[in-house]
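Novice: One structure, pasted below without further comment.
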Amino acid sequence: MRVDLRSDTFTLPTQGMRDAIYTAEVGDDVYGEDPTVNRLEETGAALSGKEEALFVSSGCMGNLIAIALQAGRGTEVLCAGESHIVCHEIGALSSLGQTQPTIVESTKDGLIIPQALEKYRRSRSYDMADRALVEVENTTSGVIYPLEDLKRIHSFAKDNGMKVHMDGARIFNAVVETGIPLDRWASCCDTVTFCLSKGLGAPMGSLLCGTKEFIGRARRMRKLLGGGMRQIGFMAAAGLYALENNVDRLAEDHAHALRIRRALEETGWARIERFGTNMVFFSTSGIGEDEVVRRFAQKGIIFAVDAGMCRMVTSINVDDAMTDYVVNEIRSFQP
Ligand SMILES: Cc1ncc(COP(=O)(O)O)c(C=O)c1O
């Protein structure tokens with residue numbers, strides 16, 4: 001058996017999704033004439049409670065547009081050191097967004113500590129970058145922000161003339177796990193992106209949501225970045241299918257991750273370092289992390305080492321039988 005636990009970015013479209021792609025009604029989206037894209041954007045706006053949404057090719061593009069337009073030249077963005085925009089987006093916030101990150105104190109799971117923001121309150125100075133934006137990532141490595149913390153972060157930002165952008169690449173994992181709907185999470189930020197790829201299983205695409213005025217500017221910037229796409233309704237159809245069919249089932253991924261966590265906890269050689277929704281991070285003793293990865297790969301169980309920890313991610317690619325197999329292999333593993 002082969003079980004791929006590297007990431008939920010490896011998910012593949014199901015037959016139902018492929019059928020939706022095949023039969024999609026399309027048009028030229030650069031002219032706003034793709035009915036499927038329009039439907040997806042209306043759905044994203046309604047779900048997030050924002051005025052409008054824009055279909056962008058990736059989470060990175062959505063984050064970049066949000067940051068460039070709400071921060072930009074001569075500004076700084078307050079964010080956690082482990083955030084995706086700092087670690088995994090090739091420095092786009094600086095190289096293309098013309099802003100700089102200021103790393104603020106975060107928990108061991110990488111969530112910004114709201115109280116710690118107090119020391120970033122300051123008045124404008126002729127020689128300092130303007131603090132324009134706070135960026136939060138929800139979930140961060142599978143871990144969900146407490147809603148109250150996000151509210152405090154948002155109110156700090158408002159008091160200080162700043163905006164909040166939420167990288168909600170996996171926000172639906174938070175929605176399903178907590179029962180808190182997307183619009184409540186999104187009420188804690190000015191703009192939010194969420195990915196249709198990842199756990200929702202679409203081949204590509206994210207939605208960037210915000211005010212009508214903001215999305216108007218975002219649409220122009222998407223074009224500037226080469227992200228204006230023509231008959232992209234084929235991919236929007238996959239996104240719509242994902243929102244209609246693949247959100248509730250994320251609970252299965254969480255249940256699978258919990259079973260894996262519990263099996264690891266029972267061993268003497270694995271220690272859970274971080275856990276939330278569909279991600280399990282663990283360190284090992286008596287055997288190196290890379291060696292554990294290599295040995296499990298021999299059994300067909302594929303996962304990665306991330307930030308010095310083994311990382312297992314569950315997704316639509318991993319069913320009950322595969323989880324049974326992983327749990328049994330963990331139990332019988334001899335370091
Ligand atoms: C938290 C987070 N934000 C943004 C992204 C970027 O998404 P994309 O790969 O679609 O650019 C990822 C991708 O894994 C992510 O994990």
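Novice: Please find, within the range 166-179, the residue that is surrounded by the fewest Cβ atoms within 10 Å (Cβ to Cβ) out of those that are more than 11 Å from the ligand (Cβ to nearest atom) and either of a type in the set (S, T, Y) or within 18 Å of K50 (Cβ to Cβ) (or both).
Specialist: T178
Novice: Could you please give the count of residues in the range 298-314 that are under 25 Å from V176 (Cα atoms) and loosely packed, with under 14 Cβ neighbours inside 10 Å?
Specialist: 0
Novice: Filter the range 264-297 down to the residues that are more than 26 Å from the chain's Cα centre (by Cα) and closer than 30 Å to G179 by Cα and list them by number.
Specialist: E265, E266
Novice: Now for a different question. So V247 fits all but one of (1) among the β-branched types (V, I, T); (2) touching a residue at least 24 places away in the same chain (Cβ under 8 Å); (3) closer than 27 Å to K108 by Cα; what number is the exception?
Specialist: (3)
Novice: Just checking, which of F194, F156, F214, F234 is under 15 Å from the mean Cα position of the chain (by Cα) and aromatic (F, W, Y)? Write out each step before concluding.
Specialist: Values: F156 fails: under 15 Å from the mean Cα position of the chain (by Cα); F214 fails: under 15 Å from the mean Cα position of the chain (by Cα); F234 fails: under 15 Å from the mean Cα position of the chain (by Cα).
After ruling out the rest, the residue left standing is F194.
Novice: Please enumerate the residues belonging to the range 221-269 that are out of contact with any helix residue (DSSP H, G or I) (no Cβ under 8 Å at 6 or more places or on another chain) and under 16 Å from S58 (Cα atoms).
Specialist: Hits for the range 221-269 are L224, G226.
Novice: Consider the range 141-179. How many of its residues are assigned to a loop (DSSP other than H, G, I, E, B), touching a residue at least 60 places away in the same chain (Cβ under 8 Å), under 27 Å from D8 (Cα atoms) and not hydroxyl-bearing (S, T, Y)? Reasoning before the result, please.
Specialist: Start the filter on the range 141-179 by keeping residues that are assigned to a loop (DSSP other than H, G, I, E, B), which leaves 141-142, 144-146, 160-162, 169-170, 179.
Filter again for touching a residue at least 60 places away in the same chain (Cβ under 8 Å), leaving 141-142, 144, 162, 169-170.
Those still in the list that are under 27 Å from D8 (Cα atoms) too: 141-142, 144, 169-170.
Narrowing further to those that are not hydroxyl-bearing (S, T, Y): 142, 144, 169-170.
Residues in the range 141-179 being assigned to a loop (DSSP other than H, G, I, E, B), touching a residue at least 60 places away in the same chain (Cβ under 8 Å), under 27 Å from D8 (Cα atoms) and not hydroxyl-bearing (S, T, Y): 4 in total.
Novice: Follow-up. Restricting attention to helices (runs of 4 or more DSSP H) lying wholly within the range 180-297, give those where 2 or more residues are surrounded by fewer than 22 Cβ atoms within 10 Å (Cβ to Cβ) and among the basic types (K, R). Please lay out each step first, then the result.
Specialist: Working: elements: 182-186, 212-224, 233-245, 250-266.
Those helices (runs of 4 or more DSSP H) span 212-224, 250-266.
Novice: Can you tell me which of (1) of a type in the set (V, I, T); (2) in contact with a helix residue (DSSP H, G or I) (Cβ under 7 Å, 6 or more places away or on another chain); (3) surrounded by fewer than 16 Cβ atoms within 10 Å (Cβ to Cβ) is the one I113 doesn't meet?
Specialist: Unmet for I113, out of (1) of a type in the set (V, I, T); (2) in contact with a helix residue (DSSP H, G or I) (Cβ under 7 Å, 6 or more places away or on another chain); (3) surrounded by fewer than 16 Cβ atoms within 10 Å (Cβ to Cβ): (2).
Novice: Here is a follow-up. Residues being away from the ligand (no atom under 15 Å from the Cβ) and assigned to a strand (DSSP E or B): count how many of those fall in the range 48-104.
Specialist: Residues in the range 48-104 being away from the ligand (no atom under 15 Å from the Cβ) and assigned to a strand (DSSP E or B): 10 in total.
Novice: With surrounded by fewer than 19 Cβ atoms within 10 Å (Cβ to Cβ) and either over 16 Å from C189 (Cα atoms) or among the hydrophobic types (A, V, I, L, M, F, W, C) (or both) as the only criterion, which of S95, S141, S83 stands out?
Specialist: S95 is the lone residue from the list that is surrounded by fewer than 19 Cβ atoms within 10 Å (Cβ to Cβ) and either over 16 Å from C189 (Cα atoms) or among the hydrophobic types (A, V, I, L, M, F, W, C) (or both).
Novice: Only one residue in R222, R259 is within 30 Å of G72 (Cβ to Cβ) and of a type in the set (K, R). Which one? Walk me through how you get there before you give the answer.
Specialist: On the way: R259 fails: within 30 Å of G72 (Cβ to Cβ).
Criteria check complete, one pass: R222.
Novice: Okay, moving on. Of the numbered conditions (1) crowded, with 19+ Cβ neighbours inside 10 Å; (2) in the same structural domain as F214 (by TED's automatic domain parsing), V3 satisfies every one except a single condition; which is it?
Specialist: The number of the failed condition is (2).
Novice: Just to be sure, is D19 closer than 30 Å to H256 by Cβ and not assigned by TED's automatic domain parsing to the domain that holds L240?
Specialist: Working: closer than 30 Å to H256 by Cβ: yes; not assigned by TED's automatic domain parsing to the domain that holds L240: no.
Against the criterion (closer than 30 Å to H256 by Cβ and not assigned by TED's automatic domain parsing to the domain that holds L240), D19 does not qualify.
The values are calculated or read from the model by the stated rules, or taken from the named source; none is laboratory data. Since we're looking at a predicted model, the values are computed, not measured. We place every Cβ from the backbone using ideal geometry, glycine too, and count neighbours over all the protein chains shown.
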